4 protein chains.
Amino acid sequence: MKKITILIHCKDRPNIVATVTNFIANKKGNIVYLDQHVDNQQDIFFMRLESEFTNDEFSTDEFKACFKSDLADTLDMKWRIYASDKKPKMALFVSKYDHCLYDILGRYNSGELNLEIAFIVSNHPDLKHIADRFDIPFHHIPVTKDTKNEAEDKQLALLKAHDIDFIILARYMQIVSSKLISVYPNKIINIHHSFLPAFVGAKPYHSAYKRGVKIIGATSHYVTEALDAGPIIDQDVARVTHAYTVKDLIAKGRDLEKIVLANAIKLHSERKVMVFNNKTVVFS
Amino acid sequence: MKKITILIHCKDRPNIVATVTNFIANKKGNIVYLDQHVDNQQDIFFMRLESEFTNDEFSTDEFKACFKSDLADTLDMKWRIYASDKKPKMALFVSKYDHCLYDILGRYNSGELNLEIAFIVSNHPDLKHIADRFDIPFHHIPVTKDTKNEAEDKQLALLKAHDIDFIILARYMQIVSSKLISVYPNKIINIHHSFLPAFVGAKPYHSAYKRGVKIIGATSHYVTEALDAGPIIDQDVARVTHAYTVKDLIAKGRDLEKIVLANAIKLHSERKVMVFNNKTVVFS
Amino acid sequence: MKKITILIHCKDRPNIVATVTNFIANKKGNIVYLDQHVDNQQDIFFMRLESEFTNDEFSTDEFKACFKSDLADTLDMKWRIYASDKKPKMALFVSKYDHCLYDILGRYNSGELNLEIAFIVSNHPDLKHIADRFDIPFHHIPVTKDTKNEAEDKQLALLKAHDIDFIILARYMQIVSSKLISVYPNKIINIHHSFLPAFVGAKPYHSAYKRGVKIIGATSHYVTEALDAGPIIDQDVARVTHAYTVKDLIAKGRDLEKIVLANAIKLHSERKVMVFNNKTVVFS
Amino acid sequence: MKKITILIHCKDRPNIVATVTNFIANKKGNIVYLDQHVDNQQDIFFMRLESEFTNDEFSTDEFKACFKSDLADTLDMKWRIYASDKKPKMALFVSKYDHCLYDILGRYNSGELNLEIAFIVSNHPDLKHIADRFDIPFHHIPVTKDTKNEAEDKQLALLKAHDIDFIILARYMQIVSSKLISVYPNKIINIHHSFLPAFVGAKPYHSAYKRGVKIIGATSHYVTEALDAGPIIDQDVARVTHAYTVKDLIAKGRDLEKIVLANAIKLHSERKVMVFNNKTVVFS
């Protein structure tokens, strides 16, 4: 049995659901998941569909070709089709903070993540010992103002060599340049340690302390050229009080960061996120 | 333009989505909402669909007849179809606690609820002044052990006379008998002041205090013959500490009760809840 | 028996707790609540204390005089002392949105609030029927650009005539001028319909929609001259999805606004909030 | 500088705070944290206090002796005093589930926990590779019905040999006997994968699925002889829907278990929890 996931968006019009589900039925697929969303303001139709095929001769490539010619081209759809037997390959970018890295690697070893972690890149050598503990290749690529360009070339070469599908910035602490972003559009996920759009930029916990907020948050989002302004994937929050020092906020925030980043990794790798006009549609 | 909502459940089989959406397309309907759920354990398919019809000659009754003969009977579906231009009629049962009543009537007057409150019934006269403030008819039907049977007959007569669609027990404090339940199956909604199934029965806040829980909750559910064991519609919780007295728990719980009951009223009246095997499917 | 509440803040130094609790003991008071907070960054000590006095001859005024001369002046304390038998008087400012007003008046009638609502002021006559339902005096004071100054004079006259302790802006939709703020410093509470500091200013739900946040919030804060930048009293949040329209966000946000404003009213009227350097200390 | 933490409970009476704070002042201590709680129903006073001593000659043992003779014996107090320079020693009991273990060891290596993990005990060898990765001694002590008694003797010998202060059951899956409990009263912490008291005993996620709850939870509690009925330390919850299978509930619950257990470890090791009459007082 083969299972595929289809993501579609196009201008809204009548009968799209019927058209697509008929197409699947004709190909002898059994739909096991279907959710759709209509953005009435922009007049855009979004759909996520999972279908199983029990016929032995089913070929994902043939299906894709057929889907394109018979359906997508006619209806002017943007679409992606994934076979469930191919795990996405992920690269981790880290710096000196280790809590998100421990969390991701723990989940990975527990079998919680349906993906492959190809390697870890860092601008500092500090976390190499963790990569070693978990038997993940670690590449130390230092970044300075002068070497940033070269460093990114090295990163890109590594990413290409390993055929990486998406990148996780697990508190990477460096601004990623447009060179990398253009190669991985909506495929680089960052964790920002505040409830965006509050406290954009550096030291959000210090800003939260100064403002005296009663709730702090964390936000995972796709990286775009505008700082901390990319499409939001997930957010979570926690209550704090006047008694929390900046250090306490940082400690409390670590748990948020871990969970919000892990959720984003799961949602993205399970192909549940679509991006349109700097916002996400996140299917359940 | 007419808008209808269709709720379906049946044994799962291939191509149901395609079959139903084709049917709608043939009737010249435009699907504006579709969500489905497959309960794999019980092998049951659930679907909620909203469709708009711009043809002037559209008749809900004809559509229903056609849906039944051409689709539902063939596929052995359980189904309900509602026209959006008909507001459901609701009756409120209260006793002496007033917070849920104030909340519901405030929301009603604010235009937040898409339904009609026909009347309020109570076994005590205490809250009549609130009904008067909001210009809702109030019926005082006392209930004692000896008169319970007669009292329910009076309630039923009132419900029938006003063609009531569903009943809200807004902290009614009386156990509703099977006579009423059988006339309104999955149409009587109760608010229980605990996080069910913890603390079934009377005085749940006292039990929560005694057990020293760190979170309290409230649960709205359909009333069945088993006490506090009917299908759960919504739940919510709030953090408490050792410093909360029983009185504090009760005060904190009032906000939960109000919100969880209001959510249930909205979900039910907007036809977003399906019941199967003592559990709910709640569409978004 | 008399019960008083004492709020203190001063430069931190050793033995303040011992000094204050000794003072109470000498006056034959029994401490029933004590909580303290030290802001180490600013080196400020905060304390809230409730004490009961069973001696018949106890006089709050004498106690205050004694507290000032023997304790507060020596230790250079800022302090406030309240007798629990005197309910604070509150004025409500509203405009056209009614949900917070219904909520507050429902709670008030339920006996949930330990305060007196003296009157409602509005720049529009729309909500007078609600004030009438709940038998609260309603004053329609129109505000236009040209009459804003006069209007505030009328408001101030009313506030003074009724000896108002604090003001609640229940979605008042007007910017309060420094004239009013200076008479009621940290005594005017506003509800802002976003998770501050995100989405300051007008139409925060529209901004939240545009940014595609996954959580929305509401914030109650003291009004200062800087727009939406005063000390935060309480905040709460709720999850939303891509499927929420602006209208849905507004509907969802109403519940947050109601609860966060009600919490602020309770905390302020129970003298649990202290303000220092544009932040609050909120005692439990 | 020395810092100590004092935990006290005794029958409530006037002037306890004054008496204790005077005692500290006389010893030249500076109180940096004080919180108290009066359980009015049981008439019990609880207090947690942190004090710093800058005098070089300060001795914790002398202070304890003095506290006992001058204060605690007179006022019939139960008390504990801890010097902050001595880290508590913790033992971890695990079985086959690895997520809590990864989480705790990640936090430990990140420097998040102010304690020493002496060793890991398991009735199965499966998780030894994790202990090895983190360089923590691992002891495989198999437990069968017949060998349970001997196994516990081995555990006790290990615990004694390492001078263990408290034990964490990180999904240990075995019922701990009264022998161990009596040696470590209120010092063995279990994580139960439900929102207690709902779903006591085995397979709570299956029960939650069957009941159709809309929120699931996790509970950390001290182990007593009554199954899953010991004093609750912390609880947390997460929303779920009808679409969650048992497997989904288990996956979602893992995050709750990790956080709720980690919180309990922090609260206990920082001496913020007091137990009285099967309930906890948890200081902030």
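Can you say whether C:Arg271 is among the charged types (D, E, K, R), in a helix (DSSP H, G or I), assigned by TED's automatic domain parsing to the domain that holds C:Ile117 and touching a residue at least 60 places away in the same chain (Cβ under 8 Å), as far as the supplied structure shows?
no
Can you say whether D:Asp234 is acidic (Asp, Glu) and buried (at least 22 other Cβ atoms within 10 Å of the Cβ), as far as the supplied structure shows?
Against the criterion (acidic (Asp, Glu) and buried (at least 22 other Cβ atoms within 10 Å of the Cβ)), D:Asp234 qualifies.
Of all residues in the range C:268-282, which are away from every other protein chain (no Cβ under 11 Å) and either crowded, with 21+ Cβ neighbours inside 10 Å or not basic (Lys, Arg) (or both)?
Scanning the range C:268-282 gives C:His268, C:Ser269, C:Glu270.
So B:Thr54 ticks every box in (1) under 22 Å from B:Val273 (Cβ atoms); (2) more than 9 Å from chain A (Cβ to nearest Cβ); (3) of a type in the set (Val, Ile, Thr) but one. Which box is left unticked?
That leaves (1) as the condition not met.
Looking at A:Glu257 and the list (1) touching a residue at least 60 places away in the same chain (Cβ under 8 Å); (2) within 22 Å of C:Tyr244 (Cβ to Cβ), which single condition is not satisfied?
All conditions are met except number (2).
Considering only the range B:55-69, I want to know if a residue exists there that is among the small types (Gly, Ala, Ser), on the phi < 0 side of the Ramachandran plot and in contact with a Phe, Trp or Tyr (Cβ under 6 Å, 6 or more places away or on another chain).
The answer is no; no qualifying residue exists.
Here is a yes/no grid of residues against (1) within 28 Å of C:Val273 (Cβ to Cβ); (2) in contact with a strand residue (DSSP E or B) (Cβ under 8 Å, 6 or more places away or on another chain):
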residue: A:Lys160; (1), (2): no, no
residue: A:Asp163; (1), (2): no, yes
residue: A:Ser177; (1), (2): no, no
residue: A:Ala218; (1), (2): yes, yes
residue: A:Leu227; (1), (2): no, no
residue: A:Gly230; (1), (2): no, yes
residue: A:Thr245; (1), (2): yes, no
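So, in the range B:227-247, how many residues would count as being more than 9 Å from chain D (Cβ to nearest Cβ) and on the phi < 0 side of the Ramachandran plot?
Final tally of qualifying residues: 6.
If we scan the range D:144-155, do we find a residue that is modelled with pLDDT under 95, out of contact with any Pro (no Cβ under 7 Å at 6 or more places or on another chain) and β-branched (Val, Ile, Thr)?
The answer is yes; a qualifying residue exists.
Scanning for something β-branched (Val, Ile, Thr), closer than 29 Å to B:Ser178 by Cα, within 8 Å of chain D (Cβ to nearest Cβ) and not in a loop (DSSP other than H, G, I, E, B), does the range B:248-267 turn up at least one residue?
Checked the range B:248-267: no residue is β-branched (Val, Ile, Thr), closer than 29 Å to B:Ser178 by Cα, within 8 Å of chain D (Cβ to nearest Cβ) and not in a loop (DSSP other than H, G, I, E, B).
Among (1) over 23 Å from B:His268 (Cα atoms); (2) touching a residue at least 24 places away in the same chain (Cβ under 8 Å); (3) out of contact with any helix residue (DSSP H, G or I) (no Cβ under 7 Å at 6 or more places or on another chain), there is one condition B:Ile130 misses while meeting the rest; what is its number?
Result: B:Ile130 passes all but (3).
What residue, of B:Leu115, B:Leu71, is of a type in the set (A, V, I, L, M, F, W, C) and either in the same structural domain as B:Leu156 (by TED's automatic domain parsing) or under 18 Å from B:Asn263 (Cβ atoms) (or both)?
Result: B:Leu115 is the single residue among B:Leu115, B:Leu71 that is of a type in the set (A, V, I, L, M, F, W, C) and either in the same structural domain as B:Leu156 (by TED's automatic domain parsing) or under 18 Å from B:Asn263 (Cβ atoms) (or both).
So for the range B:48-57 (the condition being aliphatic (A, V, I, L, M), within 16 Å of A:Gln36 (Cα to Cα) and not assigned by TED's automatic domain parsing to the domain that holds B:Val275), does at least one residue qualify?
yes
Could you please tell me which pairs satisfy a Cβ distance under 6 Å, a separation of 6+ or placement on different chains, a first residue in the range A:7-36 that is more than 7 Å from chain B (Cβ to nearest Cβ) and over 20 Å from A:Asp76 (Cα atoms), and a second residue that is surrounded by fewer than 22 Cβ atoms within 10 Å (Cβ to Cβ) and not hydroxyl-bearing (Ser, Thr, Tyr)?
A:Lys28/A:Asn55; A:Gly29/A:Phe53; A:Tyr33/A:Glu50
So that you can scan it fast, the table gives a plain yes or no per residue for (1) within 30 Å of C:His129 (Cβ to Cβ); (2) of a type in the set (A, V, I, L, M, F, W, C):
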site	(1), (2)
B:Phe138	yes, yes
B:Leu169	yes, yes
B:Val176	no, yes
B:Leu180	no, yes
B:Pro185	no, no
B:Phe195	no, yes
B:Ala198	no, yes
B:His206	no, no
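Collect the residues in the range B:191-224 that are aromatic (Phe, Trp, Tyr) and out of contact with any Leu (no Cβ under 7 Å at 6 or more places or on another chain), keeping them in residue-number order.
Residues satisfying the conditions are B:Phe195, B:Phe199, B:Tyr222.
Among (1) away from chain A (no Cβ under 14 Å); (2) within 25 Å of D:Arg271 (Cα to Cα), where does D:Asp153 come up short?
Every condition holds for D:Asp153 apart from (2).
Given the condition away from chain B (no Cβ under 14 Å) and out of contact with any Lys or Arg (no Cβ under 7 Å at 6 or more places or on another chain), answer yes or no: does some residue in the range C:99-113 qualify?
no
Residue by residue, here is whether (1) aromatic (Phe, Trp, Tyr); (2) over 30 Å from A:Glu152 (Cβ atoms); (3) in contact with a strand residue (DSSP E or B) (Cβ under 8 Å, 6 or more places away or on another chain) holds:
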position	(1), (2), (3)
A:Gln36	no, yes, yes
A:Arg48	no, yes, yes
A:Asp56	no, yes, no
A:Thr74	no, yes, no
A:Lys78	no, no, yes
A:Ser84	no, yes, yes
A:Ile104	no, no, yes
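Which residues, taken from the range D:15-54, are of a type in the set (A, V, I, L, M) and either modelled with pLDDT of 95 or more or surrounded by 18 or more Cβ atoms within 10 Å (Cβ to Cβ) (or both)?
Scanning the range D:15-54 gives D:Ile16, D:Val17, D:Ala18, D:Val20, D:Ile24, D:Ala25, D:Ile31, D:Leu34, D:Val38, D:Ile44, D:Met47, D:Leu49.
Can you spot a residue in the range C:208-226 that is more than 10 Å from chain A (Cβ to nearest Cβ), under 17 Å from the mean Cα position of the chain (by Cα), assigned to a strand (DSSP E or B) and within 21 Å of A:Ile215 (Cα to Cα)?
Scanning the range C:208-226, I find at least one residue that is more than 10 Å from chain A (Cβ to nearest Cβ), under 17 Å from the mean Cα position of the chain (by Cα), assigned to a strand (DSSP E or B) and within 21 Å of A:Ile215 (Cα to Cα), so the answer is yes.
The values are calculated or read from the model by the stated rules, or taken from the named source; none is laboratory data. All figures in this text were calculated on a predicted structure; none of them were measured in a lab. Here Cβ is always computed from backbone atoms with ideal geometry, including for glycine, and neighbour counts include all displayed protein chains.
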